[in-house]
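J.: Take a look at this one; I'll ask things after.
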Amino acid sequence: MHCSKFMLACVAFSLGAVSLASIALAISTDYWLMLSEEVTTESMLSISEITEMKEMNYSMPETYEIASKIGLWRFCIIYAEGKACTPLDYTSSLKKKDKNDKQETTTAIAEAQRAATPVFLTGFFLVICSTLFNIVGNIRGNVLTLLAAVFYINAGLCIAVGMVLYITFINDETSHAKKSEDLAFSYEYSWSTYLVALCFFASQTAAVVCISIFIKRFPSSEDKLRIIPGLERKFSVPTDQTNPTIIL
């Protein structure tokens, strides 16, 4: 099917807007992971609180089920009345040797996934640059359209690497989860993660469209040789050597 350059430009603008909006919304929201974990009552209360409740003959359940959600910037515990969110600390580095063996798996995941954030931010910056080059390049009809495609491809690579790192960190922490059969733990990826995947596919499709737009500006073979400076001279044939006469 033949598509005009105007239609391709509209498609490129739309895909660029989708990729930029999806990655921006994903980074700014707290719905990357939804978790549910059972923790013992003793791990939630201090020794003085436990002693006080025992003196009052207050019956306590042995475990509590905690529902939470995790983003790149906040860790939220969900209650029936609402939620309580705590910002993630990016100023300190938690080494494996400093980790507490009794640390809840949910907290360990929230701390481990911070390492993937710089990769996602790099991809976000590249998507912003790609969108600007896409708009300016299609309006002016210059080489910025091809540069937008290059930036879209690099942004997709950053996002793909970020997702691989993110999933690796999550699987690493869940593999070291408590082995107790009495304490249940479950998690699932939420819609912020799916928005990152949408950004990847939209950015790569936008790259293909931008390359198609750039190539359509050079319809003939001679025009295509002008894409790379100096390439036309290497493939040019002297006029005195064209249509040689063969004498038998």
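J.: Given the options Lys95, Lys69, name the one that is basic (Lys, Arg), out of contact with any helix residue (DSSP H, G or I) (no Cβ under 6 Å at 6 or more places or on another chain) and at pLDDT below 70.
T.: Lys95
J.: Determine which member of the set Ser14, Ser36, Ser19 is hydroxyl-bearing (Ser, Thr, Tyr) and without any contact (Cβ under 8 Å) to a residue 24 or more places away in the chain.
T.: Ser14
J.: For segment 103-116, give me each residue that is surrounded by fewer than 18 Cβ atoms within 10 Å (Cβ to Cβ) and closer than 28 Å to Asn154 by Cα.
T.: Passing the criteria: Arg114, Ala115.
J.: Would you call Ser59 among the small types (Gly, Ala, Ser), more than 21 Å from Thr122 (Cβ to Cβ), surrounded by fewer than 16 Cβ atoms within 10 Å (Cβ to Cβ) and at pLDDT 75 or above?
T.: no
J.: Can you find, within segment 10-51, the residue that is farthest from the chain's Cα centre (by Cα) among those that are more than 25 Å from Lys69 (Cα to Cα) and modelled with pLDDT under 90?
T.: This residue is Thr51.
Okay, residues lined up against (1) farther than 28 Å from Phe120 by Cβ; (2) modelled with pLDDT of 95 or more; (3) surrounded by fewer than 15 Cβ atoms within 10 Å (Cβ to Cβ):
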{"position": "Asn138", "(1), (2), (3)": "no, no, no"}
{"position": "Gly141", "(1), (2), (3)": "yes, no, yes"}
{"position": "Leu146", "(1), (2), (3)": "no, no, no"}
{"position": "Val161", "(1), (2), (3)": "no, yes, no"}
{"position": "Phe169", "(1), (2), (3)": "no, no, no"}
{"position": "Ala207", "(1), (2), (3)": "no, yes, no"}
{"position": "Cys210", "(1), (2), (3)": "no, no, no"}
{"position": "Pro229", "(1), (2), (3)": "yes, no, yes"}
{"position": "Phe235", "(1), (2), (3)": "yes, no, yes"}
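J.: Please enumerate the residues belonging to segment 123-143 that are outside any loop (DSSP other than H, G, I, E, B) and under 22 Å from Ser4 (Cβ atoms).
T.: Of everything in segment 123-143, those that are outside any loop (DSSP other than H, G, I, E, B) and under 22 Å from Ser4 (Cβ atoms) turn out to be Thr131, Phe133, Asn134, Ile135, Val136, Gly137, Asn138, Ile139, Arg140.
The values are calculated or read from the model by the stated rules, or taken from the named source; none is laboratory data. Fair warning: this is a prediction, and the values are worked out from it, not measured in the lab. We place every Cβ from the backbone using ideal geometry, glycine too, and count neighbours over all the protein chains shown.
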